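*Asks:* A single structure is presented below for examination.
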Amino acid sequence: MSLNSMPMLEPPVGSNMVPYDACSVVPAKAVLVLAPHPDDEVFGCGGAIAKHVESGHPVCVVILTDGALYADSDLRQRESVAAAQLLGYGMPEFWGFPDGELRYSDELAQRLAGRIAQCGADLVYAPSPWENHPDHRQTQLLATEAVRRSAPNVRLAFYEVGAALRPNVLLDITTVLDTKEAAMRCFASQLVHQNYLGHIQALNFYRTYTLGPDVKSAEAFWLSVDSDRS
């Protein structure tokens, strides 16, 4: 798997690089969220998850690594479970790969493709290729290949955590902001290392730059379209 096999990441036509409108929910029938570590599912797209749950879209969450480099893995799982209860999507799945050692493989890409089919997902969230953390980048490669192997209607939405992406979709999360922030606070083991809560709040506020005054917070995504997979 090489970066050359990734879809081209082009800005939306006529948007001047960044959208000037926000959607209330990303269209989907069912959703699969891929997180490199316990917390990325909330930091990157917790607002989107809450919006999908509100809209009645089934949400599956797969957390690939055990997160054990920065806290006990059992504790990190409990934090993700607590956040899941606040967001209302059910129970996350923990695949338990060693933190910091995630690697692309055809076997793992195929396993993810199978999970996409089992969930009936037509929308997959994953970290963007602009992320800096190696586990985030490997998750992006795995997601891209798993979606490529999936049904033609399956779309890929890249989210941002540690590095800003170039979005073609902005999601208004104003009405679920309190829920997302409460879910982020579940990750106390990580907030002692870094002010992730403040960083993500700032990032989501920055994403309102091109939006109207009624939008207090937004998540940014790069969303694939059918032509991206041809």
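*Asks:* Which ³J(HN,Hα) values in Hz, rounded to whole numbers, follow from the phi angles of segment 134-145 under the Karplus curve 6.51 cos²θ - 1.76 cosθ + 1.60, where θ = phi - 60° and Gly and Pro get x?
*Replies:* Running phi through 6.51 cos²θ - 1.76 cosθ + 1.60 with θ = phi - 60° gives x, 5, 5, 5, 5, 4, 4, 4, 4, 5, 4, 6 Hz.
*Asks:* Right, here's the next one. Hey, fewest Cβ within 10 Å first, where do Thr179, Thr144 land in order?
*Replies:* Thr179, Thr144
*Asks:* Would you mind checking segment 161-183 for residues with the amide N under 17 Å from a putative spin-label position 7 Å along Cα→C-beta of Asp214?
*Replies:* 170-177
*Asks:* Which net charge results for the neighbourhood of Ala164, defined as the other residues with beta-carbon distances under 14 angstrom from its beta-carbon, given Lys and Arg at +1 and Asp and Glu at -1?
*Replies:* That works out to -1.
*Asks:* Looking only at segment 27-229, where both bridge partners belong to it, what percent of the DSSP beta bridges are antiparallel (to the nearest 5)?
*Replies:* If we restrict to bridges inside segment 27-229, about 25 percent are antiparallel.
*Asks:* Under the rule a/c < 1.5 gives rounded, and otherwise a/b versus b/c splits prolate from oblate, where does segment 78-136 land using the Cα gyration tensor?
*Replies:* oblate
*Asks:* Here's another thing I want to ask about it. So for segment 40-95, Kirkwood radius off the Cα pairs, Stokes-Einstein at 10 °C and 1.306 mPa s: how many µm² s⁻¹?
*Replies:* Approximately 137 µm²/s, per Stokes-Einstein.
*Asks:* Let me ask something else about it. Tell me, what is the FRET efficiency for Asn195 and Ala151 to the nearest 0.05, using R0 = 41 angstrom and their Cβ-Cβ distance as r?
*Replies:* That pair, Asn195 with Ala151, gives E of 0.50.
*Asks:* Contour minus end-to-end for Ala188 and Glu107, with contour as 0.36 nm per residue of separation and end-to-end as the Cα-Cα distance?
*Replies:* Length difference between fully extended and current span is 25.8 nm.
*Asks:* Given all pairs of different Cα atoms, what value in angstroms does the Kirkwood hydrodynamic radius of segment 103-156 take?
*Replies:* Kirkwood hydrodynamic radius for segment 103-156: 11.0 Å.
*Asks:* If you take the C-alpha gyration tensor of the chain, multiply each eigenvalue by 5 and take the square root, what semi-axes do you get, largest first, in whole Å?
*Replies:* They are 23, 22, 16 Å, listed largest first.
*Asks:* Could I ask something else about it? Taking neighbour Cβ counts within 10 Å as the exposure measure, how do Phe158, Phe43 sort from fewest upward?
*Replies:* Phe43, Phe158
*Asks:* For Ser105, Ser189, Ser217, what ranking results if the residue with the fewest other Cβ atoms within 10 Å of its Cβ goes first?
*Replies:* Ordered from fewest to most neighbouring Cβ atoms within 10 Å, Ser105, Ser189, Ser217 come out as Ser105, Ser189, Ser217.
*Asks:* Okay, moving on. With runs of 4+ DSSP H residues as the only contributors, calculate the mean residue ellipticity of the chain at 222 nm using -39,500 (n - 2.57) per run, divided by the residue total and rounded to the nearest 500.
*Replies:* -11000 deg cm²/dmol
*Asks:* In addition: Expressed as a whole number of Å, what is the distance separating the alpha-carbon centroids of segment 84-158 and segment 22-70?
*Replies:* Comparing the Cα centres of segment 22-70 and segment 84-158, I get a distance of 10 Å.
The numbers here are math on the coordinates, done by the rules we state, and not lab data. These numbers were taken from a predicted model, which means no experiment stands behind them. Because the Cβ atoms are built from the backbone with ideal geometry, glycine has one as well, and the counts that use them run over all protein chains shown.
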